Amino acid sequence: MTLVNNQIILAERPKGMPDSDTFKVVQKDVAELEEGQVLVRTLFVSVDPYMRGRMQEGDSYIAPFKLNEVIKGGSIGEVVESKSGRFTPGDVVIGMFGWQEYYTANDLEIRKIDPSLAPISTHLGILGMTGLTAYFGLLEIGQPKAGETVVVSGAAGAVGSVVGQIAKIKGARVVGIAGSDEKIDFLKEELGFDEGINYRTTEDLVSDLKRACPDGIDVYFDNVGGGIADAVFTQLNRHARIPVCGAISAYNLEKVDNGPRVQTTLIKKSVLMQGFTVGNYSDRFNEGAMQLGQWLQEGKLKYHETIIEGFYHIPNAFLDLFKGNNIGKLLVKVADQQYGK
């Protein structure tokens, strides 16, 4: 019996916020495997803000998605058939096979993960790209020191929630900026942040930052850009460091995003502001994953996942990122494991 593979493709390039016309579900038969290939059944799919940038044409650090092709992204699956000596049915694997129910992989495209170490979903979150993004961005660029003040925007998201915890491990005072009282409670009560600011309800973000950061701001981990970053800039200390991870506030704008000019502040206060992507540190991923895993086992790191179930809900889950509906890592569960490992 021929398997049918449901796929979600990029049907058109969005202008502003993506909508139902941006995506399309198509079906394709799964072809017979060739030597060296593996058939993977998708279990979890990651949805991430960077995917919005890949829906646009233009030069970037990574090629844009092609029209009428599957939207690629981090995924975890289960091997159901193999013609490779490296994999057997039941192996749990991770790769970039994206928004589809099945994927025929060459055996070098995927790698095994050990389900006994932690729930398999964590390899798309705290033990995967988002955890590594937090680890390298904060420690290599931010370089927090004991007693310093670290401010994190998008603090309740997949990256920001890990950044704040690592900063606490390093002895810093940590202030998180997020978009609901529920998220602020989560940051303070569950993750150990010292203070939190709800940017949606504050009447004066600059004044709230002054109260939360009486000694100024030494490190600002920027996930959002926009007006939040503008407010943080007013409170920076001399020799502050700013890892620029994301600018989600501008991803769906149809016009150029304008704001205060930062050069004068950078000069006057000798501030370091550096953009990065996690791929800059790809040769050190094992180092980062080992340290994150150790902190997780020691109870120094916690994680939260927002899991939406159902393959056809992937586009709406992606859009939830821009509505602030998730706490921690946002994932879509596509299927249960058949082999029950």
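Descriptive notes on the structure:
- If the condition is being of a type in the set (Val, Ile, Thr), in a loop (DSSP other than H, G, I, E, B) and under 26 Å from the mean Cα position of the chain (by Cα), then segment 196-246 contributes Thr201, Thr202, Val224.
- Tally, over segment 295-314, of residues that are part of a helix (DSSP H, G or I) and either surrounded by 14 or more Cβ atoms within 10 Å (Cβ to Cβ) or modelled with pLDDT under 95 (or both): 6
Residue-by-condition table, conditions (1) at pLDDT 95 or above; (2) surrounded by fewer than 17 Cβ atoms within 10 Å (Cβ to Cβ):
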residue	(1), (2)
Gly74	yes, no
Val79	yes, no
Thr88	yes, yes
Asn106	no, yes
Ile110	yes, no
Ile126	yes, no
Leu139	yes, no
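- Condition met for Ala317 (surrounded by 15 or more Cβ atoms within 10 Å (Cβ to Cβ), aliphatic (A, V, I, L, M) and either closer than 19 Å to Glu148 by Cα or touching a strand residue (DSSP E or B) at 6+ places or on another chain (Cβ under 6 Å) (or both)): yes
- Sub-6 Å Cβ pairs linking a first residue in segment 210-225 that is assigned by TED's automatic domain parsing to the domain that holds Ala247 to a second residue that is modelled with pLDDT under 95, at least 6 apart or interchain, are Asn223/Gly246; Val224/Ile248; Val224/Ser249; Gly225/Ala247; Gly225/Ser249; Gly225/Ala250, ordered by first then second residue.
- Residues within segment 170-208 that are closer than 20 Å to Leu296 by Cα, out of contact with any strand residue (DSSP E or B) (no Cβ under 7 Å at 6 or more places or on another chain) and among the basic types (Lys, Arg), tallied: 1
- Residue match in segment 264-272 (condition: in contact (Cβ under 8 Å) with a residue 24 or more places away in the chain, surrounded by 16 or more Cβ atoms within 10 Å (Cβ to Cβ), touching a strand residue (DSSP E or B) at 6+ places or on another chain (Cβ under 9 Å) and not β-branched (Val, Ile, Thr)): no
- Qualifying residue in segment 240-253 (condition: in contact with a strand residue (DSSP E or B) (Cβ under 6 Å, 6 or more places away or on another chain) and surrounded by fewer than 18 Cβ atoms within 10 Å (Cβ to Cβ)): yes
The values are calculated or read from the model by the stated rules, or taken from the named source; none is laboratory data. Worth saying up front: this structure is predicted, and the values here are computed from it rather than measured. Note: ideal-geometry Cβ built from the backbone for every residue, glycine included; neighbour counts use all protein chains shown.
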